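K.L.:
Supplied in structure tokens, the structure appears directly below.
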Amino acid sequence: MPGSYLIFGPPGAGKGTQAPRLATRLGVPHVSTGDMLRAHVKGGTPLGVEAKGYMDAGDLVPDDLVVRMLGERIAEADAASGFLLDGFPRTVVQAEALDAMLAERGRPLDCVIVLDVPEEEVVRRISGRLVAQNGRIYHELYDPPATPGVDDEEGLPLVRRPDDEPDVVRNRYRNVYLAQTLPVRDHYRAAGVREVLIDGIGSTDEVAARLDQALPA
Ligand code: AP5
């Protein structure tokens with residue numbers, strides 16, 4: 001049954017790898033603020049121009065910009081009966097804004113899905129990440145494409161994200177995730193929202209199977 005879900009975890013935990021498939025299974029759109037912001041940067045929109053500097057440094061884009069973008073997205077018809085959020089909310093201010101939007105819809109967040117992966121593993125994962133323009137994610141060792149450097153489905157070139165440089169990853173993990181985003185989990189715990197804790201260690205298929213078991217469609 002569709003509902004409103006949030007997939008939560010540190011950078012590199014595997015949110016973007018797992019979320020598209022999970023969203024399809026749950027019958028809701030996958031709403032990734034990282035993907036949306038990268039599309040704005042690529043398209044050279046005013047929001048993209050403003051967001052780029054923050055993203056390249058691994059810092060958060062200001063709350064008001066992201067909240068407005070997310071509000072417009074979840075007002076679209078395909079999100080009427082729910083969505084799987086990925087990368088939002090990233091701050092308690094964003095969580096409070098989401099709570100207000102959901103209150104207007106008359107249905108609170110159904111579930112927070114936490115992907116549990118330690119820092120040393122996220123660094124390993126991010127250091128090998130390759131992405132295609134269509135958003136498909138690979139890893140040079142753990143999930144390589146069939147042909148090196150080329151997307152399996154559309155033949156697009158694979159590139160590294162500018163925010164995957166080691167110094168930027170450290171900033172994203174320590175100064176941003178631990179300091180600003182982890183309190184979002186406490187916010188929802190305090191509100192009594194159901195939390196599903198998933199061990200994110202193991203192959204992508206093993207993690208997907210845990211998600212399927214914990215969240216039957
Ligand atoms: P965003 O794109 O949301 O980045 P993130 O949360 O830092 O998450 P990542 O995309 O880095 O990691 P992931 O968990 O999706 O991992 P993935 O599946 O790719 O945000 C980017 C930037 O946008 C932010 O820094 C900020 O500037 C801005 N932004 C976005 N939302 C915002 C907001 N709400 N407010 C303000 N600013 C915002 O996996 C990583 C790698 O591991 C891949 O190579 C993958 O192939 C591999 N992998 C995945 N699973 C496994 C596994 N089980 N075993 C081995 N390898 C695996």
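Every number here is computed from the coordinates shown, using simple stated rules; none is lab data. Just so we're clear, the structure is a prediction, and the values are computed from it rather than from any experiment. Here Cβ is always computed from backbone atoms with ideal geometry, including for glycine, and neighbour counts include all displayed protein chains.
K.L.:
Subtract the Cα-Cα distance of R124 and A146 from 0.36 nm times their separation in residues, and report this length gain in nm to one decimal. Don't jump to the answer; show the numbers that get you there.
P.N.:
Values: separation 22, 0.36 × 22 = 7.92 nm, distance 2.08 nm.
Difference between extended and current length: 5.8 nm.
K.L.:
Under a Cβ-Cβ cut-off of 12 Å, what is the net charge of the residues other than V176 that fall near it, where Lys and Arg count +1 and Asp and Glu count -1? Present the calculation step by step, with values, prior to reporting the outcome.
P.N.:
Numbers: positive: R90, R170, R172, R174; negative: D59, D163.
Combined, the nearby Lys, Arg, Asp and Glu give +2.
K.L.:
Restricting to DSSP loop positions (anything but H, G, I, E, B) with no more than 12 other Cβ atoms inside 10 Å of their own Cβ, which GluC sites (Glu not before Pro) remain in the stretch 132-193? List each step's numbers first, then the result.
P.N.:
Numbers: sites: E140, E153, E154; in loops: E140, E153, E154.
Counting only loop positions with at most 12 other Cβ atoms within 10 Å, the GluC sites (Glu not before Pro) in the stretch 132-193 are E153, E154.
K.L.:
Considering only DSSP beta bridges with both partners in the chain, what is the antiparallel share in %, to the nearest 5? Can you show the working numbers first?
P.N.:
Working: 7 of 24 bridges.
Looking only at bridges with both residues in the chain, the antiparallel portion is about 30 percent.
K.L.:
How high is the relative contact order of the chain, in percent, with contacts defined as C-alpha pairs under 8 Å that are six or more residues apart? Display every interim value, and only then the final one.
P.N.:
Details: 314 pairs, mean separation 64.5, N = 217.
With pairs under 8 Å counted, the relative contact order is 30 percent.
K.L.:
To continue, here is another question. Could you go through the stretch 64-81 in sequence order and give the Karplus-derived ³J(HN,Hα) for each residue, using 6.51 cos²θ - 1.76 cosθ + 1.60 with θ = phi - 60°, rounded to whole Hz, and x for Gly and Pro?
P.N.:
Values, residue by residue: 4, 5, 6, 4, 5, 4, 5, x, 5, 5, 7, 7, 6, 4, 5, 9, 4, 9 Hz.
K.L.:
Calculate one ³J(HN,Hα) per residue across the stretch 133-145 by plugging θ = phi - 60° into the Karplus curve 6.51 cos²θ - 1.76 cosθ + 1.60, and present them in order as whole Hz with x for glycine and proline.
P.N.:
4, 7, x, 5, 10, 10, 9, 4, 10, 7, 8, x, x
K.L.:
Which loop GluC sites (Glu not before Pro) in the stretch 53-104, with loop taken from DSSP, have no more than 14 other Cβ atoms within 10 angstrom of their Cβ? Walk me through the numbers on the way to the answer.
P.N.:
On the way: sites: E72, E76, E96, E104; in loops: E76.
Those satisfying the criteria are E76.
K.L.:
How big is the dipole moment of the chain about its Cα centre under a simple scheme where the beta carbon of each Lys and Arg is +1, that of each Asp and Glu is -1, and everything else is neutral? Debye, nearest 20, please.
P.N.:
On the way: 24 positive and 34 negative charges, 40 e Å.
With Lys and Arg at +1 and Asp and Glu at -1, about 200 debye.
K.L.:
Could you go through the stretch 151-168 in sequence order and give the Karplus-derived ³J(HN,Hα) for each residue, using 6.51 cos²θ - 1.76 cosθ + 1.60 with θ = phi - 60°, rounded to whole Hz, and x for Gly and Pro?
P.N.:
Rounded to whole hertz, the list is 5, 5, 8, 10, x, 6, x, 9, 10, 8, 6, x, 8, 9, 5, x, 5, 6.
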